[in-house]
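Accompanying notes for the structure given below.
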Amino acid sequence: MSTPPVTLMVSRRAAHGRYQDLLAWLHEGEQLATDFPGYLGSGILAPPRDSDEFQIIFRFSDEPTLHAWEHSASRRAWLQRGTGLFERPKEARVSGIDHWFGTNMVQKPPRWKQAVAIWLAFFPVSLVFNLVFGHWLAALELVPRVLLSTLGLTPVMVYLFIPLSTRLLAGWLHASPAPAGALRSR
């Protein structure tokens, strides 16, 4: 039986005057993780305008591969180089689809926004899949046709397109609603 992928979400608040240094350091850590077995991806979510707290997400194929990276000498050295760049670090592990929309560290977006983000990823991928493979699948009965399409689409959606959609839409997904009658300026 395979284990589900695991995501480590780390929150780092920039120390006073160290915003750009922290950002460069976070990108260095992201690059470092790419060399480890089981690495599936990572991302840095910039803080909203009124904050200086970054979110960095590391995704690994399972708990043992994440553990190996977390306890590696290269990660320890990277963390040491980050001394003085941040305050009050927080970490949380998530699995399943929870990581797409945040954990207790980040306010989860409303369900309708989650549904829109998933649909925006699913519709074009499903459309392309059906354009490419539809003529072969059309000859099949309904159950085998749906079975094959979901077997093909689910991993692509889970590992690539839904994380991409939620990363691209992060600002909208996690935007605080404006008070009634207030206008947002850009």
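Is there a residue being of a type in the set (Val, Ile, Thr), modelled with pLDDT of 85 or more and in a loop (DSSP other than H, G, I, E, B) anywhere in region 60-70?
Step one: filter region 60-70 for residues of a type in the set (Val, Ile, Thr), giving 65.
Within this subset, residues satisfying the condition of being modelled with pLDDT of 85 or more are 65.
From what's left, in a loop (DSSP other than H, G, I, E, B): none.
Among the residues of region 60-70, not one is of a type in the set (Val, Ile, Thr), modelled with pLDDT of 85 or more and in a loop (DSSP other than H, G, I, E, B), which makes the answer no.
Residue 42 is checked against (1) part of a strand (DSSP E or B); (2) over 21 Å from residue 80 (Cβ atoms) and fails just one. What number does that condition carry?
Only one criterion is unmet by residue 42, namely (2).
I need every pair where a residue in region 146-158 that is more than 23 Å from residue 114 (Cβ to Cβ) has its Cβ under 8 Å from the Cβ of a residue that is loosely packed, with under 14 Cβ neighbours inside 10 Å, sequence separation at least 6 or different chains.
Within 8 Å, the pairs are 148/140.
Within region 1-27, restricting attention to residues that are within 24 Å of residue 63 (Cβ to Cβ) and exposed (fewer than 15 other Cβ atoms within 10 Å of the Cβ), which residue is modelled with the highest pLDDT? Can you show your working first?
First, pick out the residues of region 1-27 that are within 24 Å of residue 63 (Cβ to Cβ): 1-12, 26.
With exposed (fewer than 15 other Cβ atoms within 10 Å of the Cβ) added as a condition, the list becomes 1-4.
Details: 1: 53, 2: 61, 3: 70, 4: 74.
If we take residues in region 1-27 being within 24 Å of residue 63 (Cβ to Cβ) and exposed (fewer than 15 other Cβ atoms within 10 Å of the Cβ), then 4 is modelled with the highest pLDDT.
Can you report the number of residues in region 10-39 which are among the aliphatic types (A, V, I, L, M) and either touching a helix residue (DSSP H, G or I) at 6+ places or on another chain (Cβ under 8 Å) or not assigned by TED's automatic domain parsing to the domain that holds residue 71 (or both)? So that I can check it myself, show each step before the final result.
Of the residues in region 10-39, the ones among the aliphatic types (A, V, I, L, M) are 10, 14-15, 22-24, 26, 32-33.
Checking which are either touching a helix residue (DSSP H, G or I) at 6+ places or on another chain (Cβ under 8 Å) or not assigned by TED's automatic domain parsing to the domain that holds residue 71 (or both) leaves us with 14-15, 32-33.
Adding up the residues that qualify gives 4.
Of the residues that sit in region 28-59 and are of a type in the set (D, E, K, R) and surrounded by fewer than 18 Cβ atoms within 10 Å (Cβ to Cβ), which one is nearest to residue 69 (Cα to Cα)? Spell out how you get there, then give the answer.
Pass one, region 28-59, residues of a type in the set (D, E, K, R): 28, 30, 35, 49-50, 52-53, 59.
Subset that is surrounded by fewer than 18 Cβ atoms within 10 Å (Cβ to Cβ): 28, 30, 35, 49-50, 52.
On the way: 28: 14, 30: 12, 35: 9, 49: 32, 50: 32, 52: 26 Å.
Going through the qualifying residues, I end up with 35.
Would you confirm whether any residue within region 82-101 is closer than 22 Å to residue 162 by Cα and at pLDDT 85 or above?
Checked region 82-101: no residue is closer than 22 Å to residue 162 by Cα and at pLDDT 85 or above.
Listed here are the residues, each with its yes/no results for (1) modelled with pLDDT under 90; (2) of a type outside the set (S, T, N, Q); (3) in a helix (DSSP H, G or I).
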position: 123; (1), (2), (3): no, yes, yes
position: 131; (1), (2), (3): no, yes, yes
position: 143; (1), (2), (3): yes, yes, yes
position: 148; (1), (2), (3): yes, yes, yes
position: 154; (1), (2), (3): yes, no, yes
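Assess whether residue 42 counts as being in contact with a helix residue (DSSP H, G or I) (Cβ under 7 Å, 6 or more places away or on another chain), of a type outside the set (A, V, I, L, M, F, W, C) and closer than 19 Å to residue 164 by Cα. Lay out the reasoning, then the answer.
Values: in contact with a helix residue (DSSP H, G or I) (Cβ under 7 Å, 6 or more places away or on another chain): yes; of a type outside the set (A, V, I, L, M, F, W, C): yes; closer than 19 Å to residue 164 by Cα: yes.
Yes, satisfied.
The values are calculated or read from the model by the stated rules, or taken from the named source; none is laboratory data. The structure displayed is predicted, hence computed values, not measured ones. All Cβ positions, glycine included, derive from the backbone under ideal geometry; neighbour counts span all protein chains shown.
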